[in-house]
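Below: one structure, written as structure tokens.
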């Protein structure tokens with residue numbers, strides 16, 4: 001990593017910390033800046049698993065990029081989001097806007113995975129998902145999608161009002177195999193699995209088991225080793 005700051009300064013970097021450093025380097029999106037911000041948000045806690053997602057959008061002649069980094073520790077889900085913006089037409093003057101949020105894993109209310117498979121009529125157990133969307137909710141915020149309702153008759157022009165869906169999410173990450181590769185989809189699925197396991201362990205801690213004894217102190221949180229490879233961070 002050269003002179004790039006390592007996670008857990010002052011102590012030997014863990015394997016997962018080095019994996020996270022490497023993932024930020026591969027993203028190529030201000031890796032030193034993003035690593036320092038993530039390191040500061042972690043405040044010495046060890047990364048158990050992570051997800052790094054870079055997106056690029058084109059708006060006429062302008063290119064907008066943003067990166068979201070999710071880091072899971074035994075106690076927290078740390079979310080870091082960085083956008084860049086150009087201040088002049090030539091793109092020589094740039095600014096980076098950074099936000100971080102630390103969410104106790106015990107407060108996470110839902111982890112939702114949505115998949116897209118190609119040619120489902122020919123599906124085999126070995127077929128990977130072509131796209132995955134990971135949605136995480138913790139604050140109770142809701143997203144509402146509305147559209148004109150219909151009766152199903154293509155000849156009907158009556159007003160049937162509106163219908164829609166309400167989804168609970170604070171962040172939604174869309175990972176496409178076409179854009180990012182099959183490994184990125186698999187890595188995102190593994191991160192979601194790690195998050196659910198840690199969240200379940202945190203929720204169970206302190207709750208009495210069937211014998212009436214508290215689980216606090218007896219529950220062991222699993223340790224995850226996968227390197228993980230977002231759509232947009234919604235607030």
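One line per residue, one yes/no per condition, for (1) within 19 Å of residue 193 (Cβ to Cβ); (2) at pLDDT 95 or above:
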position	(1), (2)
110	yes, no
113	yes, no
118	no, no
123	no, yes
127	yes, no
136	yes, no
139	no, no
142	no, no
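Evaluate segment 34-42: report whether one residue or more is part of a helix (DSSP H, G or I), at pLDDT below 90 and over 19 Å from residue 83 (Cβ atoms).
no
Please find, among 43, 21, 36, the residue that is farther than 24 Å from residue 132 by Cβ and surrounded by fewer than 14 Cβ atoms within 10 Å (Cβ to Cβ).
Answer to the check: 43.
Could you please find all residues in segment 157-177 being modelled with pLDDT of 65 or more and surrounded by 10 or more Cβ atoms within 10 Å (Cβ to Cβ)? Spell out how you get there, then give the answer.
Filtering segment 157-177 for residues modelled with pLDDT of 65 or more gives 157-163, 170-177.
Matches in segment 157-177: 160, 163, 170, 171, 172, 173, 174, 175, 176, 177.
Restricting the search to segment 100-115, which residues are in a strand (DSSP E or B) and surrounded by 14 or more Cβ atoms within 10 Å (Cβ to Cβ)?
Hits for segment 100-115 are 100, 101, 102, 103, 110, 111, 112, 113.
Of 121, 97, 92, which residue is exposed (fewer than 11 other Cβ atoms within 10 Å of the Cβ) and part of a helix (DSSP H, G or I)?
121
The values are calculated or read from the model by the stated rules, or taken from the named source; none is laboratory data. Being a predicted model, the structure only gives us computed values, none of them experimental. So basically every Cβ, Gly included, is an ideal-geometry build from the backbone, and we count neighbours across all protein chains shown.
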